[in-house]
Structure formats: C-alpha cells, structure tokens
1. Taking region 87-132 as the region of interest, how many residues are more than 8 Å from the ligand (Cβ to nearest atom) and in a helix (DSSP H, G or I)?
2. Here is a check on your reading of the model: is residue 152 surrounded by 18 or more Cβ atoms within 10 Å (Cβ to Cβ) and within 10 Å of the ligand (Cβ to nearest atom)?
3. Exactly one condition in (1) within 17 Å of the chain's Cα centre (by Cα); (2) within 15 Å of the ligand (Cβ to nearest atom) is false for residue 170; which is it?
4. Report the residue count in region 155-182 for those that are more than 23 Å from residue 114 (Cβ to Cβ), assigned to a strand (DSSP E or B) and touching a residue at least 40 places away in the same chain (Cβ under 8 Å).
5. Hey, does region 39-61 have a residue that's touching a residue at least 40 places away in the same chain (Cβ under 8 Å), out of contact with any helix residue (DSSP H, G or I) (no Cβ under 8 Å at 6 or more places or on another chain) and within 14 Å of the ligand (Cβ to nearest atom)?
6. Kindly establish whether residue 134 is in contact with a helix residue (DSSP H, G or I) (Cβ under 9 Å, 6 or more places away or on another chain), farther than 27 Å from residue 39 by Cα, modelled with pLDDT of 95 or more and surrounded by 19 or more Cβ atoms within 10 Å (Cβ to Cβ).
7. If you go through region 144-154 one residue at a time, do you hit one that is under 16 Å from the mean Cα position of the chain (by Cα) and outside any helix (DSSP H, G or I)?
Ligand SMILES: CC(C)(COP(=O)(O)OP(=O)(O)OC[C@H]1O[C@@H](n2cnc3c(N)ncnc32)[C@H](O)[C@@H]1OP(=O)(O)O)[C@@H](O)C(=O)NCCC(=O)NCCS
C-alpha cells in the first residue's frame, strides 16, 4: 500500500484533464497546503502563472462521477455537464520558452496518490512540450522527495545539479533534473508505453 492512499483505495480512477481556468484557482490554492506541506503556492502565484498565456500550460485533473467516460460538457461554471471544482484531485503546470520546457509544479491530493494521476499529468505536460517544439524539459525537486524523483526517473529525467536552499521559506535543497531529447520518436514511445501501464482511464478535454 502506498502511504497516503487509504486502506480501501482502488487504484482505478476515471480522470479528466482540463486546462486550468481561473475558476479552479480558489480550490487549487486551498488544496496547496495539503499537497505541498512546505512552501505552498498562493492563489496570487497561480493567477500570475495563468496570466502568462501561451508560455504556460496548466492542467487540472478531475476525478469522480462527473469524470465518467461518456459524460459531456465543459468545465465552465454553470455550463452543461459542469465538472465540479470539488472533483479536483491534482494539477500541474509547464513553462515553455524557445526549445526548452520546465515543469513549474505538479501535485496530487494525498488521498488520491499512487493511482497514476501524477504520471498522467506529467505525460500530458510533456506531450504538450513536444507539441510546441521543446527539445528538453527541466525541473527542480526536493532532495528528500522520493516519490516525485521515482516518477521523474521513469520519465527519463536525470540529475544535472543541485540548488541549496532553493525552496523558500523552508530552505530545502533541490536537485535540478532534466530530460532530453524529448522531440524524438523514442521519447514519444516511452510516454505511450508508460501511459499504457497506468491504472484507470483518462480523457483530455479542451
Ligand atoms: C509526486 C506526486 C505528484 C506523484 O503523484 P501520484 O499521483 O502519487 O503519482 P503516481 O501514482 O503516478 O506514482 C508515481 C510513482 O511514485 C510512487 N509513489 C507515489 N506515492 C508515493 C509515496 N507516498 N511514497 C513512495 N512512492 C510513491 C508510485 O509508486 C509511482 O511509482 P511506481 O508506479 O513505479 O510504483 C505526488 O506524490 C505529490 O503530489 N506529492 C506532493 C507534491 C510534490 O512533491 N510534487 C512534486 C514537486 S517537484
């Protein structure tokens, strides 16, 4: 059993990944302290990230009855088939500049970890990076974050350095990790193969 997954946890989950919208921010920011025990982001930081437009790609993962296969609708507030922000179980963001991409954040609520949601978010972000022409992807990760480091290693990330005291205000150290090249058939195959082995189902919504 993966710590935090809960005793009766079923790893199968129906997931919808949608672009993060402003109406997700309040919920996401409220989840941050439980997702990131140290150094949670503020709502203002998410607002400023979404304001970067095409230089950012943020995804929200929703799970539960409103994310069943076959359900239709948008996630706009009050729209048909609305996906309730209460269904938010994870999120992640990517920055793109020139031919490089950078994972800004990725997080899954503690009760839903170990079901492949983090992997699906990462795969979707890396596919986006490929689509917009990125040849590499970088990130920082706390040196003691074994779950995240295991996930990144499976995605081909390797350590290229360390930043002492990178995380503030906690002062935690970070490894700098990078994967390249990602603009190859081989890397697309790696993402496809990893996705195939994940539990549950996922849909990408526009
Ligand atoms: C890192 C994180 C996003 C992974 O999300 P997730 O949905 O649990 O990830 P997955 O289910 O796709 O699992 C990824 C791998 O981590 C492992 N893992 C998940 N939770 C774990 C835990 N608590 N301890 C050890 N390993 C764990 C899984 O076993 C899996 O590896 P495997 O498939 O080879 O067994 C999630 O743990 C999280 O939100 N952590 C807190 C926020 C954070 O640290 N984000 C990363 C910032 S750089």
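1. 11
2. On the way: surrounded by 18 or more Cβ atoms within 10 Å (Cβ to Cβ): yes; within 10 Å of the ligand (Cβ to nearest atom): yes.
Judged against the criteria, residue 152 is a match.
3. Of everything listed in (1) within 17 Å of the chain's Cα centre (by Cα); (2) within 15 Å of the ligand (Cβ to nearest atom), residue 170 misses just condition (1).
4. Residues meeting the conditions: 1.
5. yes
6. Values: in contact with a helix residue (DSSP H, G or I) (Cβ under 9 Å, 6 or more places away or on another chain): yes; farther than 27 Å from residue 39 by Cα: yes; modelled with pLDDT of 95 or more: yes; surrounded by 19 or more Cβ atoms within 10 Å (Cβ to Cβ): yes.
Yes: the conditions hold for residue 134.
7. yes
The values are calculated or read from the model by the stated rules, or taken from the named source; none is laboratory data. Please read these numbers as outputs of a predicted model, since none were measured by experiment. Here Cβ is always computed from backbone atoms with ideal geometry, including for glycine, and neighbour counts include all displayed protein chains.
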